[in-house]
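Below is one structure, written out as structure tokens; the observations come after it.
The values are calculated or read from the model by the stated rules, or taken from the named source; none is laboratory data. This is a predicted model, so every value here is computed, not measured. Heads up, the Cβs are rebuilt from the backbone with ideal geometry, glycines too, and the neighbour counts pull from every protein chain shown.
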Amino acid sequence: MHTLLVLAGGFALLGVCLLAAKFTGGSSAAMVKGAFVFLPLWLIGAAINMWFGVAKAGYSIKEELPIFLVIFAVPAAAALVFVWQCRAR
């Protein structure tokens with residue numbers, strides 16, 4: 001359940017980044033930049049989630065690493081698909 005909530009947070013952050021890009025520039029280039037701004041922010045967020053899993057929940061890094069990869073990769077892949085779609089137009 002926690003993983004789904006964190007993934008939802010990732011998609012929410014992607015939405016915030018894209019909305020901020022839309023309101024500041026609105027062009028396709030601005031939207032692509034918003035998606036690229038999301039990637040390092042989400043990497044930090046996913047790493048913080050991994051740190052909590054290791055430091056607070058008592059999981060090992062070996063146990064948390066696959067979860068970290070999924071948590072980072074799913075919203076990041078959505079952002080990259082969005083970039084690909086924007087550039088294809």
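Worth a mention:
- Only one entry of Val74, Val54 meets the criterion of being surrounded by 13 or more Cβ atoms within 10 Å (Cβ to Cβ), under 20 Å from Pro40 (Cα atoms) and either among the acidic types (Asp, Glu) or modelled with pLDDT of 95 or more (or both), and that entry is Val74.
- Test: residue in region 27-49 that is assigned to a helix (DSSP H, G or I), in contact with an Asp or Glu (Cβ under 7 Å, 6 or more places away or on another chain) and surrounded by 15 or more Cβ atoms within 10 Å (Cβ to Cβ): no
- The set of residues in region 57-71 being surrounded by 14 or more Cβ atoms within 10 Å (Cβ to Cβ) and in contact (Cβ under 8 Å) with a residue 60 or more places away in the chain consists of Ile67, Ile71.
- Filtered residues of region 18-56 (kept if more than 17 Å from Val83 (Cα to Cα) and of a type in the set (D, E, K, R)): Lys56
- Among the residues of region 50-76, those that are among the aliphatic types (A, V, I, L, M) and either part of a loop (DSSP other than H, G, I, E, B) or farther than 15 Å from Gly15 by Cβ (or both) comprise Met50, Val54, Ala55, Ala57, Ile61, Leu65, Ile67, Leu69, Val70, Ile71, Ala73.
- Which numbered condition Gly15 fails, given (1) in contact with a helix residue (DSSP H, G or I) (Cβ under 8 Å, 6 or more places away or on another chain); (2) closer than 26 Å to Gln85 by Cβ; (3) loosely packed, with under 14 Cβ neighbours inside 10 Å: (1)
- In region 1-28, the residues that are among the polar types (S, T, N, Q) reach residues that are loosely packed, with under 15 Cβ neighbours inside 10 Å and assigned to a helix (DSSP H, G or I) with C-beta atoms within less than 9 angstrom, at least six apart or across chains, in these pairs: Thr3/Val70; Ser28/Arg87.
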